[in-house]
1. For the range A:339-351, enumerate the residues that are under 22 Å from the mean Cα position of the chain (by Cα) and either away from every other protein chain (no Cβ under 12 Å) or surrounded by fewer than 20 Cβ atoms within 10 Å (Cβ to Cβ) (or both).
2. Evaluate the range A:145-152: report whether one residue or more is under 25 Å from A:Asn318 (Cα atoms), among the small types (Gly, Ala, Ser) and either out of contact with any His (no Cβ under 8 Å at 6 or more places or on another chain) or in contact (Cβ under 8 Å) with a residue 40 or more places away in the chain (or both).
3. So, B:Phe136, is that one in a helix (DSSP H, G or I) and more than 8 Å from chain A (Cβ to nearest Cβ) or not?
4. Among helices (runs of 4 or more DSSP H) lying entirely in the range B:39-104, which contain 2 or more residues that are without any contact (Cβ under 8 Å) to a residue 60 or more places away in the chain and surrounded by fewer than 22 Cβ atoms within 10 Å (Cβ to Cβ)?
5. Show the residue pairs that are 6+ apart or on different chains and have beta-carbon atoms under 6 Å apart, the first residue being within the range A:66-81 and within 16 Å of ligand 2 (Cβ to nearest atom), the second being β-branched (Val, Ile, Thr) and part of a helix (DSSP H, G or I).
6. For the range B:192-215, enumerate the residues that are in contact with a Lys or Arg (Cβ under 8 Å, 6 or more places away or on another chain) and of a type in the set (D, E, K, R).
7. Out of A:Lys106, A:Lys118, which single residue is within 23 Å of the chain's Cα centre (by Cα), surrounded by fewer than 20 Cβ atoms within 10 Å (Cβ to Cβ) and either under 16 Å from A:Glu75 (Cα atoms) or within 7 Å of chain B (Cβ to nearest Cβ) (or both)?
8. Residues of the range B:190-208 being within 14 Å of chain A (Cβ to nearest Cβ) and in contact (Cβ under 8 Å) with a residue 40 or more places away in the chain, which ones?
Amino acid sequence: MEIKIEESFADSIKSSASLNTGRGMVAYTCSYIPEELIAAANLIPYRVYGNKESNLADKYFPINFCPYVKAVWEEIHHNTILDAIILATSCDGIRRLNDYISYYEKELPVFMLDIPRKSDKDSLGFFAHNLKNLWIFLCGISNVDPGNTDIIKASSSIINRKRTLLKELTKHYEADMHQIIKNDDYFNIINISLSSETDTFNNELESYIKKIKSLKENYDTVHNDFKSNLKIMIIGNYINDNNFWSIFENLNVKLISSDICITYRYFDIGLEKNYEAPGLENDIFTDIANSFISKPACFRMADIKSKLNDIKAQIYENNINGVIFASLKFCDNTLYSFPALKNELNKMKIPSIFLDIEYGKSSYGQLKTRIEAFIEMLNL
Amino acid sequence: MGIVSIKEKIIDSIQNNLDIKSVRKILKLISNPIVFFLYGLSFKSVSDKYLNKYSLSYMREVYCGNHPIAYGSLFIPYEILNSLNLKLILPEVMGGFTAGLGVTDKTLSNAANNWYSADLCTFHRSASGAANMSLFPKPDFIICSNLACDAACKSFEDMAKKFEIEDRFYLIDIPYENDEISLKYLAVQLENIYFDISDKLKIKPDINNLKKALINSNKLRSHLLEVNKIREELFDYPQYYNGLSYILPLFGLSGTSKAAELYRIMEKELKAKLRKQIQPGKMKKILWMHLKPYYRNEIFNILEENGCRVVCEEITDVFWEEMDPEKPFISLASKMISNPLRGNGQNRINTILSMAEKYKVDGAILFSHWGCRQSNGLARILKDRLAEIKIPLLILDGDCVDKNNCPSGQIKTRIEGFTEIINSL
Ligand code: SF4
Ligand code: SF4
């Protein structure tokens, strides 16, 4: 029996599409931006997906510019329901996006969250300070008292429930070799989680996981045919593209431990612990800063060595057969990290391929051929 | 043997023997007094001659193997590194240098073989290739920053990994905002780097050396301010003078007395030119944004032939305040944080607009170096803002390092079209 995602998550999808929840909506662009602060200010956090189809952005940005930045710019142009947008200092592309919004879209409040590239004590304190400023900005949008930080705790617990559920979903997905959760379904669910009302999504995800569990139990007793025997790790940046995931729909592979912006980097965020060190404020912002700075790192952060060590550990632990390095085109942070990664993979004798993704405008036929050829090679 | 053929012979020899030993040999050869005398004759300006003489003796020191070496990205506070007597390699500047020597085909292909995507900036790709090919001495330290762009953080970290000096790799994380907390965050990083490098060099940090470096840097600044003031009036430049040729002393050698001296000489030379200038020229004035191609090219000649002259470059603007040697770290942090390429694009736009006004320019050119997201990403707003004050902007697509990515015919046509507009205004 197949579980249809559109049906299982119908209310969540509606909550992001119809937006008649009476709450304002704030777009954000990076997994280092804490959703809990947006939600605590009584606003719906919306990981802006971008409009991938139109070509307006080409009139503003150079041809060799991040397609995600262009898609976001495109969407902002047409999206009239946003109350604000939060950007992060992820890269030069986003820095420029902030300039374009400030110059050409003056009506839309924009906040640039400065995220340090390092994780030492000073960087942590600096990040906590920036988070506090973000909080003040958000409170200004929704007329909430910034002094009332208790509401952040309440909001954190809802967002953390979502993270825990997404981790649980991932555990089932990764352990499921019968493709009860199809590859593209898994990524679709994450995509829904990025833009829907959290409570609604949490409830629907909880029931979905229950259904999966019971299906799995029944399935295990009846079948013992493994559908997915190859384990592939996807490494890259903001790969959130249904067309791309649908390439994997009927392929006999499992996408394990994906290291991209919408998987572990998004939801593997520890419940915040009190972080106390001389010179640091002992407050909720320091705790959130600590949780986010210790989450699985993106390639933008310093310390490529420990990043590579994490990837190596994942590969060994999960018996990964091959790596697909998928980067949205023109992403310097990711592209500059590839040579070091490729070197390590070669040393480990793990086959890998590099894919340039155009975000919505890719030639999916070509990508499919390359992926299929890669998988065929792994099967030999 | 004519000067031109000496130069060609040297370049030929470098192209055919690409390794550190031959670079050393060549440096030794050019430093021979007779050869250098002949070589020096090819420089038309006193400042150019001084720069080349000084760069050459500096490179010999860098390559001699007797000094600790640091690699650094363009906008880090070199006053610190110079005060610690480190000899410096600026891979981005060296990327330009490889272009000048015509060896980029080889360095870029080495980078490509090592998985550097062709979509990345050629300064970094070429520098990585050159480092891989051991064209530079092995570094003892690598220091970089995300000012002005993301590229150095990653490409330099990769180099640190290759040279197995990850514990001697420093990333200066430049804040987005310019406020007290950001300044402090930056100053603490600089202070930590200073003491950590001293520690690793096993030297007792002598803060007086650092203060001296700031005093030298202040001298450079005041000469450069004068130079820029002169350039507001000057049309009659020494032949081949170009502010963009002085990137190494302006940034990498800041804090040294030699760099300050170079700018003193430049001030004197340009002042003398200004004194002799009989009447304001008829040339149209151009503001140049970003860097220029560092291989042989005709861009500036085409401009001249069409009645236009570059009178100012955004990168030679004095954007920072005089530093207080008694507060070195906060002063250096403040210098870094004032860089218009940091943070919000409005910083850069303000600088450009104020330069356009100060130098009374007739037009502007943004050299749109392939793969430079931070600079090219702002092109559209720059164009619109300059249009508001009736200054046309030419966005000239090309590549500062890879001549194959910069078709000369197209460049010529675009410049000629642009100068036609400027001349008709
Ligand atoms: S994909 Fe890369 S370039 Fe694009 S927004 Fe993300 S970090 Fe920036
Ligand atoms: S040209 Fe641009 S991308 Fe390249 S190093 Fe300079 S600022 Fe960075």
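1. Applying the first criterion (under 22 Å from the mean Cα position of the chain (by Cα)) to the range A:339-351 yields A:341.
Hits for the range A:339-351: nothing passes.
2. Here is the first cut: in the range A:145-152, the residues under 25 Å from A:Asn318 (Cα atoms) are none.
No.
3. Numbers: in a helix (DSSP H, G or I): no; more than 8 Å from chain A (Cβ to nearest Cβ): yes.
So B:Phe136 does not fit the description; no.
4. Working: elements: B:46-63, B:78-83, B:91-101.
Because the criterion is at least 2 residues that are without any contact (Cβ under 8 Å) to a residue 60 or more places away in the chain and surrounded by fewer than 22 Cβ atoms within 10 Å (Cβ to Cβ), the helices (runs of 4 or more DSSP H) in the range B:39-104 that meet it are B:46-63.
5. Here the result reads none, with nothing in the range A:66-81 linked to a residue that is β-branched (Val, Ile, Thr) and part of a helix (DSSP H, G or I).
6. Within the range B:192-215, just B:Lys200 meets the criteria.
7. Details: A:Lys106 fails: within 23 Å of the chain's Cα centre (by Cα).
Result of the check over A:Lys106, A:Lys118: A:Lys118.
8. Residues satisfying the conditions are B:Leu190, B:Glu191, B:Ile193.
The values are calculated or read from the model by the stated rules, or taken from the named source; none is laboratory data. Please read all numbers here as calculations on a predicted model, not as lab measurements. Note: ideal-geometry Cβ built from the backbone for every residue, glycine included; neighbour counts use all protein chains shown.
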